[in-house]
1. Using unit Cβ charges (K, R positive; D, E negative) and no other charged atoms, how large, in debye to the nearest 20, is the dipole of the chain about its Cα centre?
2. Among the lysines, which fall within straight-line cross-link reach of Lys145, defined as a Cα-Cα distance under 30 Å, with same-chain neighbours fewer than 8 residues apart omitted?
3. According to a simple spin-label model (label point 7 Å from Cα along Cα-to-Cβ), what is the distance in nm between Glu142 and Ile44?
4. HN-Hα J couplings of the stretch 136-145 from phi, Karplus 6.51/-1.76/1.60, θ = phi - 60°, integer Hz, Gly and Pro as x?
5. Between the stretch 60-122 and the stretch 1-41, what is the separation of their alpha carbon centroids in Å?
6. Taking the Kirkwood radius as the inverse of the mean 1/r across Cα pairs, report the Rg/Rh of the chain.
7. Nearest 0.05, what FRET efficiency do Gln113 and Ser149 give at R0 = 25 Å with Cβ-Cβ as r?
8. Between beta-carbons, use under 15 Å as the cut-off and find the net charge around Trp26, counting Lys and Arg +1, Asp and Glu -1.
Amino acid sequence: MIMLFGFITGSLARLAVPGPDPMPIWLTVAIGLLGSAAGGALAIAIWGKGTQGIGIFSFLGAVLLVVGYRRWVQKRPIVGPEALKFPERGFGVDRFRERRQKMEDLVRQTQSQQAAPTPADSHLQKLRDLHEAGILTDEEFEAKKAQLSQS
């Protein structure tokens with residue numbers, strides 16, 4: 001249950017800071033748990049155990065950890081156009097790039113396999129359809145097929 005809470009808090013903190021953050025799940029959970037512990041401890045120190053501020057300070061603690069991670073580990077700004085660019089360093093960046101490259105290769109491969117048929121292929125298919133419909137005899141079909149292969 002604590003891990004789930006850490007994951008949810010860490011995920012919300014990542015969403016609160018604009019820009020891509022390809023970090024592994026373990027880091028998201030760690031940020032959520034550490035931010036919650038630090039923020040919650042600060043709220044308890046200020047207002048005591050029964051305060052509603054624990055949840056807010058827990059979330060703010062996690063957001064501050066995401067900001068710190070982005071600023072000092074990824075070495076990129078928090079706001080502005082540079083913050084929206086994909087990070088060059090950090091946990092999970094290399095693995096994300098590898099997975100993205102594999103997906104792009106798969107898409108290219110699929111697109112090349114689904115390339116548009118050549119006109120000769122389309123004519124041959126029409127000849128097959130006419131032959132199957134009984135309009136062309138076997139001899140006519142083979143003669144037209146031979147003509148197509150010569151052109």
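1. In total the dipole reaches around 1260 debye.
2. Lys126
3. 9.0 nm
4. Running phi through 6.51 cos²θ - 1.76 cosθ + 1.60 with θ = phi - 60° gives 9, 7, 4, 5, 5, 4, 5, 5, 5, 5 Hz.
5. Each part reduced to its Cα centre gives a spacing of 21 Å.
6. Values: Rg = 30.1 Å, Rh = 20.2 Å.
With Rh from the inverse mean 1/r over Cα pairs, Rg/Rh is 1.49.
7. Approximately 0.60, to the nearest 0.05.
8. Local net charge: +1.
Read the figures in this text as sums done on the coordinates, not as results from a lab. Just so it is clear, the model here is predicted, and its values are computed rather than measured. FYI the Cβ positions are ideal-geometry reconstructions off the backbone, even for glycines, and counts take in every protein chain you see.
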